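Trainee: Let me begin by handing over the structure; questions about it come next.
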Amino acid sequence: MLDNHKRNINYLRVSVTDRCNLRCVYCMPKEGLSQLGHRDILSYEEILRVVEVAIKTGIAKVRVTGGEPLVRRGIVEFMALLKDMEGLRDISMTTNGILLEKYAKDLYESGIKRINVSLDSLDSEKYRKITRQGELSRVLQGIAKAEHIGFSPIKINVVAIDGFNDDEIVDFAKLTMTKPYQVRFIEYMPIGPASLENGFRSLSNDVIMDRINHVIPIEPLGENGGTDGPARLYKMRGAVGTIGFISAISHQFCQSCNRLRLTADGKLRACLLIDNEVDVRSPLRNGCTDLELEEIIKYVIINKPLHGGIRCHKNQRKNCTRTMSSIGG
Ligand code: SAM
Ligand code: SF4
């Protein structure tokens, strides 16, 4: 369905948990977060009901995220139920990959064939630093297992941070020479409480592109350049994989944003960057009808803001007080 700015809202990101087995410096504050109680988060049945009704409004694509989705018990069975829903043409997951080796086979068998893995450094020391506790080898094993089992595409999300992992840009890009991955450079977004303490500056994707081009030329994918959602796609000459650039800061894509988010505590959020949320948990638990739920979803879609105001740091921090982990990225 179209929002007030004629954007077709057909993509729902579902955060199934606010919990995470990592503490990424750009996502969570140092002390972590006070976690939601069991009753506070939507049950899988409640999420499925929201998705079922959202499909009637035109949602056709669902991405499961978190926190870390693989830490929630029963996630594989939930993915299988999602897969069985009529009307969804695309179901995927974004994970930090720590538990991917353990779950890759079951996930694949549940019918999920696409996966995004977040990985910001190929150096184990740096990986531990950025995640505050992660073990790089586990993620690499998870990705290898996913590839072996047949996941396709496998997208590697790299948040590029000036002065932290910018020296690894070319190494990440070179992965695509031999691996069929889509390596996606995501500009760091200074939002939520983590941004107040980490002092990170985002690195423009134009700079990243220049650095890669300097070593191995990259070309836009397809005659008119390729895109994959907000990612602009390129390829190194002779590569088997592709490189994506998600430039939320330098080339904002608000004008074509097709997303809606459902937080783990049951809030519908129309814009990543704005805390305006509408509660669906209470209506769900107070016995609302499908029609009433549909009206709520339509209200959120219609009133989706045109811009999130990402360039104005002061507004971002005022408008978005949640951490990325609690929104789902
Ligand atoms: N835990 C899972 C993971 O890390 O893939 C899923 C949730 S995480 C919030 C979803 C995505 O948001 C990840 O790719 C992560 O790198 C990205 N992300 C988190 N904080 C960010 C920030 N401040 N700027 C840009 N991307 C961010
Ligand atoms: Fe956890 Fe993902 Fe946030 Fe890292 S980016 S702290 S893995 S939710």
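Trainee: When you check Asn213 against the structure, is it open to solvent by less than 50 Å² (accessible area, probe 1.4 Å), more than 16 Å from ligand 2 (Cβ to nearest atom) and farther than 28 Å from Gly32 by Cα, yes or no?
Mentor: No.
Trainee: Name every residue in segment 170-206 that is more than 14 Å from ligand 1 (Cβ to nearest atom), open to solvent by 60 Å² or more (accessible area, probe 1.4 Å) and within 21 Å of Ile130 (Cβ to Cβ), in order of residue number.
Mentor: Of everything in segment 170-206, those that are more than 14 Å from ligand 1 (Cβ to nearest atom), open to solvent by 60 Å² or more (accessible area, probe 1.4 Å) and within 21 Å of Ile130 (Cβ to Cβ) turn out to be Asp171, Lys174.
Trainee: May I pose another question? Kindly indicate which of Asp40, Asp84, Asp18 is open to solvent by less than 30 Å² (accessible area, probe 1.4 Å) and among the acidic types (Asp, Glu).
Mentor: Asp18
Trainee: Another question, then. Test Asn165 against the stated conditions and say whether it is closer than 20 Å to Ser326 by Cα and open to solvent by less than 10 Å² (accessible area, probe 1.4 Å).
Mentor: no
Trainee: I want to confirm something. Restricting to segment 110-125 and keeping residues that are of a type in the set (Gly, Ala, Ser) and in a loop (DSSP other than H, G, I, E, B), which single residue is surrounded by the most Cβ atoms within 10 Å (Cβ to Cβ)? Step through it out loud before you land on a result.
Mentor: Here is the first cut: in segment 110-125, the residues of a type in the set (Gly, Ala, Ser) are 110-111, 118, 121, 124.
Checking which are in a loop (DSSP other than H, G, I, E, B) leaves us with 110-111, 121.
On the way: Ser110: 20, Gly111: 13, Ser121: 23.
That would be Ser121.
Trainee: Right, next: Could you please let me know if Leu233 is away from ligand 1 (no atom under 12 Å from the Cβ), in contact (Cβ under 8 Å) with a residue 12 or more places away in the chain and within 19 Å of the chain's Cα centre (by Cα)?
Mentor: Details: away from ligand 1 (no atom under 12 Å from the Cβ): yes; in contact (Cβ under 8 Å) with a residue 12 or more places away in the chain: yes; within 19 Å of the chain's Cα centre (by Cα): yes.
Spelling it out, Leu233 is indeed away from ligand 1 (no atom under 12 Å from the Cβ), in contact (Cβ under 8 Å) with a residue 12 or more places away in the chain and within 19 Å of the chain's Cα centre (by Cα).
Trainee: Name the single residue that is modelled with the lowest pLDDT among those in segment 231-282 being over 18 Å from Gly192 (Cβ atoms), in a strand (DSSP E or B) and open to solvent by 30 Å² or more (accessible area, probe 1.4 Å).
Mentor: In this case the residue turns out to be Arg232.
Trainee: Additional query: Filter segment 283-304 down to residues that are open to solvent by less than 50 Å² (accessible area, probe 1.4 Å) and farther than 11 Å from Thr57 by Cβ, then give me how many there are.
Mentor: Going through segment 283-304 one residue at a time, the tally reaches 4.
Trainee: Taking segment 1-16 on its own, how many of its residues are part of a strand (DSSP E or B) and away from ligand 2 (no atom under 16 Å from the Cβ)?
Mentor: So the answer is 4.
Trainee: Shifting gears a bit: For Ile59, indicate whether it is away from ligand 2 (no atom under 15 Å from the Cβ), more than 28 Å from Gln141 (Cα to Cα) and open to solvent by less than 10 Å² (accessible area, probe 1.4 Å).
Mentor: yes
The values are calculated or read from the model by the stated rules, or taken from the named source; none is laboratory data. All figures in this text were calculated on a predicted structure; none of them were measured in a lab. Neighbour counts run over all protein chains shown; Cβ positions are idealised from the backbone, glycine included. Each accessible area value is taken on the protein alone, full model and side chains, heavy atoms only, with ligands, DNA and RNA left out. Shrake-Rupley method; radii C 1.70, N 1.55, O 1.52, S 1.80 Å.
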